[in-house]
Amino acid sequence: MKSLSADTLYYFNQGKLEDAYQHFGAHLIKKDGRIEGTRFTVYAPHARAVSVVGEFNDWQNWMHEMTRMDASGIWCIEIPTNLEWKSYKYEIVTADGRHLYKSDPYAFFSAERPDTVSKVYDIEGYVWGDGDYMAARHEDAPYQKPVIIYEMHLGTWMQKPDGTFHKYNELVDLLIPYLQENGYTHVEFMPIVEHPFDGSWGYQGTGYYSPTSRYGVPKDLMYLIDQLHQQNIKVILDWVPGHICKDAHGLYMFDGQPLYEYRDPHIRENIGWGTANLDLGRGETRSFLISNALYWLKIFHVDGFRIDAVSNIIYHLGDARFGENIGAMAFLKQLSAVIFREHPSALLAAEDSTAYPKVTHPVEAGGLGFNYKWNMGWMNDTLKFFARDPIYRKHHHGDLTFSLHYAFSENYLLPLSHDEVVHGKQSLVEKMPGDYWQKFANFRALIGYFSTHPGKTLLFMGQEFAQMHEWKDYAELDWHLLAYPMHEGAARYVRDMNRLVQAEKALHELDHEARGFRWIDAHNADQSVLSFVRYAADPDDHLLVVIHLTPNVYHDYRVGVPNAGTYEEILNSDKLIYGGSNLYNGAPLVTHPEPMHGCAQHIRMTVAPLSVAILKWRG
């Protein structure tokens with residue numbers, strides 16, 4: 001706990017206080033190893049009076065009235081009692097005489113829903129075991145490394161037999177071996193800040209500093225992250241700085257008037273989402289959020305953030321017609337500067353559906369400062385293409401090739417996320433046309449294209465074994481499907497593909513550089529065949545990728561290749577072990593010295609139906 005000096009208040013009001021969580025909220029007062037009391041501090045400039053009410057004073061407002069420290073609206077009280085684990089709220093008397101009961105914006109812990117109270121919690125004292133990992137992570141920039149992200153919702157990944165949630169610490173022995181076995185380098189948790197409604201999936205939070213109590217206490221989450229790090233798995237949080245829910249106990253109209261959100265209702269009220277947009281140009285809001293990002297980086301050792309709904313931040317209400325939100329974009333630039341100063345190799349990804357330029361360019365080069373952007377255009381075009389009957393795909397061939405016109409304009413991350421498998425959109429395998437076998441063959445082709453396309457990748461849980469149902473945000477994944485051969489084959493295929501991306505430099509080293517990619521044949525629309533080369537920094541280390549998207553079979557198919565010698569097929573999605581028809585190229589393919597596709601030589605291969613083949617030059 002730190003005192004509120006004049007300098008602290010100045011930085012807070014200017015949006016430059018980076019450790020606000022050490023000044024605001026509930027803190028135990030410690031002296032010589034003993035807890036002598038509890039200090040509460042809250043920002044409520046429009047309040048007429050503020051009290052701390054809780055189970056320790058029978059929720060009576062007269063017992064612990066807070067003192068207004070100065071004109072800026074900081075209220076404080078010290079209670080000479082150890083109140084650790086005790087429930088509390090702030091009772092705020094508004095300027096017009098209303099009594100509001102608010103959770104603490106800076107609380108480190110909260111009661112489990114449906115209760116909405118905050119709890120006094122000692123955030124200090126966890127003994128970390130990831131020291132070696134933390135010392136090395138500053139030098140582990142993601143650009144030339146494999147980044148294979150498993151996006152998950154903690155409550156519905158796997159549940160207890162009675163349908164209740166596993167706690168953070170209980171997930172350690174379940175989740176970590178699964179991520180390792182399946183070749184994931186990162187795990188991304190959908191929002192784990194405290195939130196009142198399960199159906200919001202965490203995107204409408206009330207406790208930004210409070211890991212949701214659905215899954216245990218904060219130190220249980222520290223333990224989960226600690227153990228992930230000790231197995232070299234990085235942790236990304238889905239973070240929502242743009243908007244808040246409007247529940248009465250939360251940040252919305254905190255002291256009876258707009259405080260963290262916009263005053264103008266036309267840009268404050270996000271009608272489509274039923275939320276309120278935060279005023280990211282306001283100093284106190286910036287201090288709250290910048291401090292929160294650093295809180296997760298420092299106190300919980302997370303490795304980065306996926307920022308939700310960036311389009312809604314760049315433009316007022318997410319609509320370019322309303323103009324750029326200058327204050328909000330300044331916030332994003334400040335955020336990136338602070339994050340990369342604290343953790344130079346953090347992963348900071350923008351979920352942005354706009355064409356706004358230079359999202360992943362440095363601030364000093366005119367950019368917003370992110371180092372990754374979700375490639376929403378690629379996702380939309382790709383899923384639209386794969387949903388088509390193969391007989392019509394030749395007319396939409398450009399849906400798959402267009403992304404390479406802009407693939408290196410930003411540092412892209414290719415998302416097949418939760419948003420694509422809910423609300424009637426169907427799961428990935430159910431989007432696919434054709435009979436049962438063809439659905440799975442198309443699914444494997446999609447994963448192959450996804451994994452070999454330039455850019456890092458993110459796959460939502462359950463899609464790795466081709467779950468048939470959409471994601472159910474109330475029940476665990478359909479794990480029983482792994483007993484069925486086609487699902488087990490799909491899971492094996494995704495696992496092998498992930499391992500291949502990790503093992504082969506050509507599939508990750510130059511993801512963001514044009515020299516890492518070369519079309520061999522982008523124009524064979526009639527047969528729906530694409531072929532390209534992925535290069536490592538050493539151009540002799542390269543892979544040939546051949547993607548075929550009709551149910552036909554082509555024998556003696558000719559493909560130009562950059563080097564003479566032999567090409568060995570190292571993965572084919574049509575193998576029987578994956579659920580395919582077992583048409584693959586078992587023997588090394590020797591090049592023929594006749595030119596084709598702009599190359600001086602070519603190979604002749606079998607091209608299986610609805611398949612992806614990956615071949616490596618052996619010299």
Cα-based helix-to-principal-axis angle, 326-342 vs the chain, degrees rounded to 10: 80
3J(HN,Hα) from dihedral phi, the range 359-368, Karplus parametrisation 6.51/-1.76/1.60, rounded to Hz, x for glycine, proline: 5, 9, 9, x, 4, 5, 9, x, x, 8
Of K102/K298; K246/K358; K333/K373; K425/K456, pairs whose Cα-Cα distance is over 21 Å: K102/K298; K246/K358; K425/K456
Efficiency of FRET between R263 and R388 - r from beta-carbon atoms, R0 60 angstrom, step 0.05: 0.80
Stretch gain in nm, segment R515-A587, where the contour uses 0.36 nm per residue and the Cα spacing is subtracted: 23.0 nm
Neighbour-count order for H542, H592, H195, fewest beta carbons within 10 angstrom listed first: H592, H542, H195
Label of the coordinate-derived value, Cα extents along the principal axes in Å, listed as (1) 89, 51, 44; (2) 78, 68, 55; (3) 75, 56, 53: (1)
In degrees, nearest ten, helix 218-230 long axis to first principal axis of the chain (Cα): 30
E351, E124 arranged by Cβ crowding within 10 Å, fewest neighbours leading: E124, E351
I271/A564 FRET efficiency (R0 51 Å; Cβ-Cβ; nearest 0.05): 0.25
Neighbour-count order for E181, E364, fewest beta carbons within 10 angstrom listed first: E364, E181
In Hz, Karplus ³J(HN,Hα) per residue of the range 4-17 (6.51, -1.76, 1.60; θ = phi - 60°; x = Gly, Pro): 9, 7, 4, 5, 4, 4, 4, 5, 4, 5, 8, x, 10, 7
Peptides ranked, highest mean first, by Cβ atoms within 10 Å: ranges 113-119, 56-62: 113-119, 56-62
Taking the range 6-119 and dividing mean pair separation by its residue count, relative contact order in percent (alpha carbons under 8 Å, at least six apart): 23
Rel. contact order, % - alpha carbon contacts under 8 angstrom, at least six apart, the chain: 10
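All of the numbers you see were taken from the coordinates with simple rules; none came from a lab. Fair warning: this is a prediction, and the values are worked out from it, not measured in the lab. Note that we place each Cβ from the backbone using ideal geometry, even for glycine, and neighbour counts take in every protein chain shown.
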